[in-house]
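Below is one structure, written out as structure tokens; comments come after it.
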Amino acid sequence: MARMVSAPALGAARALFLLDVALVALAWPAAVALLPDPPALSDWPGALALLLHPLAYLLGLYSLGLYRRDALNEPRRALGRVPVAAVLAALGSAAVLALLAPKAGGIGLFSAATIGLGLAGCLARLALAALRRLGLFRRRLLIVGAGQRAFDLVWLLRREARTLAFDIALVHAPEMGTFDPRLAEDPALRIFPAGTAFLDAARAFGADQIVVASDERRGLPMEALLACRTAGFPVSEYLRSLEREIGRIDIKRLELGFLVYAEGFGASLLDHALKRALDVATSLLLLALSSPFLLAAALAVKLQDGGPVLYRQARVTRDGRIFRIMKLRTMRVDAERFGATWAAERDPRITRVGNFLRRTRLDELPQLFNVLRGDMSIVGPRPERPEFTEELAAKLPLYHERHRMRAGLTGWAQVNYPYGASLDDARSKLSYDLYYVKNFGVLFDLLILMQTLRVVLFPGNAVR
């Protein structure tokens with residue numbers, strides 16, 4: 001008898017977003033009603049003010065990473081970001097209202113937005129924490145295979161998966177490869193006896209998903225997997241399932257056949273035209289808004305040691321083309337007198353002014369001119385130096401695939417991986433770059449742009 005196929009379990013991030021929407025819908029009208037002269041929905045300025053604040057607040061929560069895995073796993077620390085999101089959203093809304101509807105704003109509406117919406121966000125996260133303690137949002141995953149690949153899958157899912165909690169079982173047979181003894185030592189895993197039918201294991205475990213992660217494919221019983229699929233159990237392959245859960249492509253166990261047959265790499269001319277339009281519009285807007293800060297930063301660099309303000313350096317962009325990137329100088333004038341060197345954390349060559357510029361990302365602003373010239377994009381893989389590109393391409397497979405897109409001022413790797421300058425760091429960042437190139441779209445670019453705010457305000461991955 002076929003199993004009744006149900007909708008995927010509601011993820012914690014999606015549940016939190018729905019909680020935010022519900023509590024904002026309750027808290028915002030109540031906060032506005034307390035104002036002595038609240039705006040009215042009946043006129044355009046009032047409607048704009050009433051709709052703009054909650055919308056900007058929800059975007060602010062996303063931009064500050066409050067739906068990410070780290071924020072969901074550390075709710076106490078994440079609570080500290082909720083007021084920041086409320087204040088930034090209220091400031092942005094107030095600026096828009098000052099331009100479009102000056103009479104609709106005011107300190108009262110600003111206070112209602114920061115206090116009322118901030119409290120709603122805190123309550124939503126406390127409610128989610130309570131629901132998680134009741135055991136909600138857990139998924140039951142059956143892994144076919146129990147070798148090295150299965151161990152890697154379990155390890156990566158526990159560290160990086162969008163799904164916060166899994167109950168995991170494994171079913172294995174000798175013809176699928178060697179059993180990894182580290183899995184047998186894990187008390188949280190349920191391991192079915194060798195020879196157990198896949199369908200019997202899926203039914204006994206109540207699996208929500210079956211992932212095929214065997215080391216040896218030639219001995220894989222496809223008819224048994226088909227029986228699971230026709231019985232209503234979703235079946236997916238290791239690389240595809242992992243890509244969906246961790247938001248990157250696992251280079252360590254990548255098979256070229258996966259990239260050949262998987263969806264993606266299908267951006268149209270319209271996609272690229274829209275991306276270029278977004279680049280130009282965003283660059284002009286950012287230059288207009290940041291010009292006072294850019295001029296002040298340039299003056300500080302000049303006064304630091306009297307050296308040049310701008311630092312120009314050869315970098316690699318789309319199709320391997322070399323261009324000269326522009327940045328505010330953050331190192332000593334003689335920083336590379338011994339040749340090209342990887343920058344390191346707490347690099348002694350960085351000046352005091354340069355350290356501040358790097359932490360605030362102000363040193364990156366001149367790259368907006370590179371974007372306008374077409375050398376770079378707002379979103380794309382990080383531009384590397386030609387010397388390092390050749391070195392990395394010799395050691396990392398598919399490294400040149402990242403050059404299918406223009407180098408970016410920000411990117412999927414930049415918002416997901418902390419700064420690093422080792423081969424392992426380059427491998428990890430490449431896994432994000434390949435994911436971006438494979439799944440490129442203008443909407444994806446917009447989401448990355450929003451998340452860049454979190455990186456600027458809270459450098460690093462963890463909630464701090």
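Assorted remarks:
- Furthest towards positive pole of dipole, Cys228, Ile210, Phe444, structure part the chain, Cβ charges: Phe444
- When both region 15-85 and region 299-321 are represented by their alpha-carbon centers, they are found 40 Å apart.
- By average C-beta atoms within 10 angstrom, highest first, the peptides 441-447, 33-39, 426-432: 426-432, 441-447, 33-39
- Cα-based shape type of region 1-135, given that a ≥ b ≥ c are square roots of the gyration tensor eigenvalues and the cut on a/c is 1.5: prolate
- The sum of -39500 (n - 2.57) across all DSSP H runs of n ≥ 4, divided by the residue count of the chain, sets its helix-only mean residue ellipticity at 222 nm to -16500 deg cm²/dmol.
- When the Cα positions of Leu72, Leu328, Gly266 are compared along the charge dipole of the chain, Leu328 comes out farthest toward the positive end, with charges on each C-beta of Lys, Arg, Asp and Glu.
- Net length gained if the chain between Leu256 and Phe356 were fully extended (0.36 nm per residue, minus Cα distance): 31.7 nm
- As a proxy for reagent exposure, ranking His403, His272, His172 by other Cβ atoms within 10 Å from fewest up yields His272, His403, His172.
- Exposure proxy ranking, count of Cβ atoms within 10 Å, fewest first, for Arg190, Arg402, Arg244, Arg133: Arg133, Arg244, Arg190, Arg402
Only the coordinates and a few stated rules stand behind these numbers; no lab work does. Not measured: the values here are computed from a predicted model. Heads up, the Cβs are rebuilt from the backbone with ideal geometry, glycines too, and the neighbour counts pull from every protein chain shown.
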